[in-house]
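Shown next, in structure tokens, is the structure this report addresses.
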Amino acid sequence: MFNKKNKPKLSPEQKALVEEKEREEKRRGQILKDKIYPFLVAHTESIEDAKIQLQTMGLVIEQAFMNQKRKQKVSELTEMVGEFDKDATAKRYREFYDILADEPINVAADLINSMGNIIQNNERKEARMRKLSDLAIQFINDQR
């Protein structure tokens, strides 16, 4: 592994990302230690009770998020838009984004997953009907 002498140099952007990750980890640790743990100690009777309360709260948040996903449109995910102007490949995704922009997030995700399933099902169907001799096989030693 790397030691201090041969530690890889990080670009300023990479350093900023590492620092942001470290700040976020520290922030989350403080929330756990200074807020959530004392809350659970004060409001639960046992370890099992604390685990149930955590699980319940997690489910409540997840359900609220699912409800929001049903309403919120892809176009409201403003963080995505800036990513589409970086290069030609990203611009291709911009066109895909534009197709889905007015769909609720959960519908857009479902459409993407459905299309993947359609492709996979058709590949399986074609593979069952196609003859092996029709396949353009390239063997390792034939790479010319």
* To do: Determine whether Tyr97 is among the aromatic types (Phe, Trp, Tyr), in a helix (DSSP H, G or I) and either surrounded by fewer than 12 Cβ atoms within 10 Å (Cβ to Cβ) or over 19 Å from the mean Cα position of the chain (by Cα) (or both).
  => no
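Just one of Met115, Met66 is aliphatic (A, V, I, L, M) and in contact (Cβ under 8 Å) with a residue 40 or more places away in the chain; which is it? Quick ask: steps written out before the conclusion?
Numbers: Met115 fails: in contact (Cβ under 8 Å) with a residue 40 or more places away in the chain.
The unique qualifying residue is Met66.
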* What is the one condition in (1) in a helix (DSSP H, G or I); (2) modelled with pLDDT of 85 or more that Ile61 does not satisfy? -> (2)
* Structure fact -> Of Lys125, Lys71, Lys131, the only residue that is within 30 Å of Ile36 (Cα to Cα) and modelled with pLDDT of 80 or more is Lys71
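The values are calculated or read from the model by the stated rules, or taken from the named source; none is laboratory data. Given the structure is predicted, the values throughout are model-derived calculations rather than measurements. With ideal geometry, Cβ positions are generated from the backbone for all residues, glycine too; neighbour counts draw on all protein chains shown.
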